[in-house]
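Below you'll find the structure, written out as structure tokens, and then a few comments.
The values are calculated or read from the model by the stated rules, or taken from the named source; none is laboratory data. Source: prediction; values computed, not measured. Cβ sites come from the backbone with ideal geometry, for glycine too, and all protein chains shown count toward neighbours. Ligands, DNA and RNA are excluded from the accessible area calculation, which covers all protein heavy atoms including side chains. Shrake-Rupley method; radii C 1.70, N 1.55, O 1.52, S 1.80 Å.
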Amino acid sequence: MIIGAMNNPHKKLVEEIHLFGEMNFDYLELTIEHPHARPEFIEKNKKEILDAIQSYNLGIIAHLPWYFSLAHPYERIEKAIHTEFISAFRIASLFGAKKITLHTETMSPSIQSRESHVEGTVRSLKALHKEAMNMGLDLLIENLDAKSFSIKEFGRLFSEVDMGMTLDIGHANTTRGEGYENYLKNFSPRIRHVHFHDNLGQNDDHLPLGAGKMDVKKVVEALKAKYDGSITLEVHSEDRHYLEYSRQRLDILWNGKKKYREDQNYLYPPGQEPIARE
Ligand SMILES: [Zn+2]
């Protein structure tokens, strides 16, 4: 299991990389998003960004904007959205990412029928998955909630498109979330990436681990039984110490206190303890 963090696109990307590197994350989940992580910006500043990533030996996983429609009823708009996605695929591939995540549709159900919503999602993903594969990327679809795309609808998608998924534990724990256990039960062979954050059981709060109502220990046990891969902590607290705390918490719950202490001793031999962040 490896632990990553996602850049906040409203913050300077290089500063985010330094922060995650100092916190000993294993990889950066690069969300290729407006305003500070648009494809044009990333490409223009490629050297500086890559230098920062390499200075901490961070791996890279990519993420696409969550607010672009996956099943838009207007063909020309769908085409434009695909162009934007493919431009982000190019950046992900340029930076050596192997996995890239996309959210299910978020458009209001009053705009189109459920059937065309599901059909459009399947159609879009079929085309995008093929494009991604041609660029050496494993495109993964992320759960949001049943209003966006239900477990039953995921079943239909996977019967038509042979792709993997990103399980978002926090999203599965909201009012319409259908529960992370159900995703694990139905799709564990397809789960190739995980997003983890806490909430109060209703909304998508993106809280630090332990700050919400989730039984974090139980989640880790359930995950460990079926999964051993990348886990990105999507903690959106403005004070980033909570992200660092969540990293430590997950590390200890997954690997045990003994292993955590050994790693800390290796990283910071006596007399070289890290300086406390302000
Ligand atoms: Zn997520």
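Brief remarks follow.
- Among the residues of segment 211-235, just one is surrounded by fewer than 17 Cβ atoms within 10 Å (Cβ to Cβ) and under 17 Å from residue 5 (Cβ atoms), namely 229.
- Applying a threshold of 6 Å to beta carbon distances and a minimum spacing of six or more residues, or different chains, the list of pairs starting in segment 260-274 at a residue that is in contact (Cβ under 8 Å) with a residue 40 or more places away in the chain and ending at one that is in a helix (DSSP H, G or I) and open to solvent by 100 Å² or more (accessible area, probe 1.4 Å) is empty.
- Matching residues, segment 109-156, being touching a Leu at 6+ places or on another chain (Cβ under 8 Å), more than 17 Å from residue 78 (Cβ to Cβ) and part of a helix (DSSP H, G or I): 133
- Only one entry in 54, 112 is over 26 Å from residue 171 (Cβ atoms) and free of Cβ contacts under 8 Å to residues at least 60 places away in the same chain, namely 54.
Let's see how each residue does on (1) hydrophobic (A, V, I, L, M, F, W, C); (2) modelled with pLDDT under 95:
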{"residue": "229", "(1), (2)": "no, no"}
{"residue": "233", "(1), (2)": "yes, no"}
{"residue": "240", "(1), (2)": "no, no"}
{"residue": "243", "(1), (2)": "yes, no"}
{"residue": "247", "(1), (2)": "no, no"}
{"residue": "258", "(1), (2)": "no, no"}
{"residue": "264", "(1), (2)": "no, yes"}
{"residue": "267", "(1), (2)": "yes, yes"}
{"residue": "275", "(1), (2)": "yes, yes"}
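- Test result for residue 186, among the polar types (S, T, N, Q), within 14 Å of the ligand (Cβ to nearest atom) and open to solvent by 20 Å² or more (accessible area, probe 1.4 Å): no
- Tally, over segment 22-45, of residues that are assigned to a helix (DSSP H, G or I) and touching a helix residue (DSSP H, G or I) at 6+ places or on another chain (Cβ under 7 Å): 3
- Within the set 85, 68, the sole residue that is in contact with a strand residue (DSSP E or B) (Cβ under 9 Å, 6 or more places away or on another chain), open to solvent by less than 80 Å² (accessible area, probe 1.4 Å), among the aromatic types (Phe, Trp, Tyr) and assigned to a helix (DSSP H, G or I) turns out to be 85.
- The residues listed here are 158, 196; of these, the one that is touching a Lys or Arg at 6+ places or on another chain (Cβ under 8 Å), among the aromatic types (Phe, Trp, Tyr) and either surrounded by 15 or more Cβ atoms within 10 Å (Cβ to Cβ) or farther than 24 Å from residue 121 by Cβ (or both) is 158.
- Looking only at residues of segment 135-174 that are hydroxyl-bearing (Ser, Thr, Tyr), over 26 Å from residue 96 (Cα atoms) and in contact (Cβ under 8 Å) with a residue 12 or more places away in the chain, we find that the one that is farthest from the ligand (Cβ to nearest atom) is 150.
- Scope segment 12-40; condition open to solvent by 80 Å² or more (accessible area, probe 1.4 Å), over 21 Å from residue 246 (Cβ atoms) and of a type outside the set (Lys, Arg); matching residues: 34, 40
- Each residue in segment 195-254 was checked for being assigned to a loop (DSSP other than H, G, I, E, B) and closer than 22 Å to residue 60 by Cβ, and 9 pass.
- Taking first residues from segment 94-108 that are touching a residue at least 12 places away in the same chain (Cβ under 8 Å) and among the hydroxyl-bearing types (Ser, Thr, Tyr) and partners that are surrounded by fewer than 21 Cβ atoms within 10 Å (Cβ to Cβ) and in a loop (DSSP other than H, G, I, E, B), the Cβ contacts under 6 Å between residues at least 6 apart in sequence or on separate chains come to 104/144; 104/148; 106/148.
- Residue 119 meets each of the listed conditions (1) in contact with a helix residue (DSSP H, G or I) (Cβ under 9 Å, 6 or more places away or on another chain); (2) touching a residue at least 40 places away in the same chain (Cβ under 8 Å); (3) open to solvent by 70 Å² or more (accessible area, probe 1.4 Å) apart from (1).
- Some residue of segment 217-228 being without any contact (Cβ under 8 Å) to a residue 40 or more places away in the chain, more than 22 Å from residue 164 (Cα to Cα) and touching a strand residue (DSSP E or B) at 6+ places or on another chain (Cβ under 8 Å): no
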